[in-house]
Structures are given as C-alpha cells and as structure tokens.
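The values are calculated or read from the model by the stated rules, or taken from the named source; none is laboratory data. Given the structure is predicted, the values throughout are model-derived calculations rather than measurements. Backbone-built Cβ (ideal geometry, glycine too); neighbour counts: all protein chains shown.
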Amino acid sequence: MSEAVETHEHAEAAAHGGRKHTALLIAVLAAGLAFCEQGAQHAGTRMSQSAVSAADVWAEYQAKSTRANEARELAQMAALLPAASQAAHDQVAAKFASDVDRFENDPKTGKAALANQARALERDRDAAHERLEAFDNASAALQLGIVLTTASVITGSVMLVWGGLLLGALGAVLALLGLVYPELAAV
C-alpha cells in the first residue's frame, strides 16, 4: 500500500511541476505578446506619421504646380498686352520665367524635390505597415498559444501544451522577422 501511495505522490508532484512549467510557458508567451503589441503600436504610429507627412508634401507639390501654371498663364497674358517699353515687357517676362523655374526646379522646394520627398515618406509608410502586419501576425500566434496552453491546464492535455509551444515559437519567429524583414512576416 505504501508503494501505491508513494507512486501517487510522485504523480501528483509531477503534475504540479508540470503546471508550474505550463504557467511559466504562459508567462513567457504573455511577455512576447506584450512585446509584439508594443511593436505594433509603434509601427502604427510611424505609419500614421509618414502618411500624414506624405499627404502634406503632396499638398505642397500641388500648390507649387498650381502656382507654376498660374505664372505660365500670366506670362502668356503679359505677352499679349502692350507694354510701356520693351524693357518693362522683358522684365515682366523674366520674372514669370524665374517663378516657373523656381516652382519647378528648386533643389529644396521645387516640384521634383517635393515629389522625391513624398515618395520617400510613402516608402516609410509602407514599411511601417508591413512591420505592423508582422507584429499583428506574431500577436495572433502568441494569443492562440496562450489559449491552448491555458486550456492544457484545465484538460491536462500535453498535446495542447505542445500546440501552445509551437504557436509561441511561430509568434517569436514572426516578431523577429517583423524587426528584421517585416515584408516576410506581413502575410
């Protein structure tokens, strides 16, 4: 009888120890989930900032385009009007030509420079979106891992622990890819 009691005590201790390991796995998965949620929040903020900045730059580009078109049209109208002198006419034409050139070709604020700047911001926005998706995918895997591992405590199923562990590992891989190569984890 004492051998049966001793076996029962060992089984109970193993089950209790298994619960400790399972609880530790749940804690690790939850910590990974917190990391992923924070990464997703940062990526979402970056994505929004880049999108707003790109829209602002495109609005400035549109304003430059409108002003350049107005300067061209004013130059055409000025050419049709009689001038007090040829020098005055040439001065007005040069002013409009200078304005058009500045709106189109200024290396910092010209249309080409603004378009390049807006496209760079759009690339930043797209990269942040991929990072956000990667962290969201990692979070989903970790959440499912937590659910399965928690269910294993209730059911005593080792298969659920393994499922939770595998989903946790998948979540960790997706999170690492989100940091390094987000385009691979953004499915």
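Checking Ala68, Ala40 one by one, the residue that is under 30 Å from Phe96 (Cα atoms), out of contact with any strand residue (DSSP E or B) (no Cβ under 8 Å at 6 or more places or on another chain) and assigned to a helix (DSSP H, G or I) is Ala68 and no other.
Out of Leu179, Leu170, Leu166, Leu132, one residue alone is more than 15 Å from Ile26 (Cα to Cα) and surrounded by fewer than 19 Cβ atoms within 10 Å (Cβ to Cβ). It is Leu179.
When only residues in region 78-94 that are surrounded by 10 or more Cβ atoms within 10 Å (Cβ to Cβ) and without any contact (Cβ under 8 Å) to a residue 12 or more places away in the chain count, which is nearest to Glu104 (Cα to Cα)? Write out each step before concluding.
Of the residues in region 78-94, the ones surrounded by 10 or more Cβ atoms within 10 Å (Cβ to Cβ) are 78-79, 83, 88-94.
Adding the requirement that they be without any contact (Cβ under 8 Å) to a residue 12 or more places away in the chain leaves 83, 88-91, 94.
Values: Ala83: 27, Ala88: 24, His89: 23, Asp90: 21, Gln91: 20, Ala94: 15 Å.
Restricting to residues being surrounded by 10 or more Cβ atoms within 10 Å (Cβ to Cβ) and without any contact (Cβ under 8 Å) to a residue 12 or more places away in the chain, the top hit is Ala94.
For region 138-149, does any single residue satisfy the condition of being part of a helix (DSSP H, G or I), among the hydroxyl-bearing types (Ser, Thr, Tyr) and either farther than 19 Å from Gly44 by Cα or at pLDDT 95 or above (or both)? Checking region 138-149: at least one residue is part of a helix (DSSP H, G or I), among the hydroxyl-bearing types (Ser, Thr, Tyr) and either farther than 19 Å from Gly44 by Cα or at pLDDT 95 or above (or both).
Annotation note: Cβ proximity below 8 Å between a residue of region 40-63 that is closer than 21 Å to Thr109 by Cβ and in contact (Cβ under 8 Å) with a residue 12 or more places away in the chain and a residue that is outside any helix (DSSP H, G or I) and of a type in the set (Ser, Thr, Tyr) (sequence gap 6+ or interchain) occurs for Glu60/Thr109.
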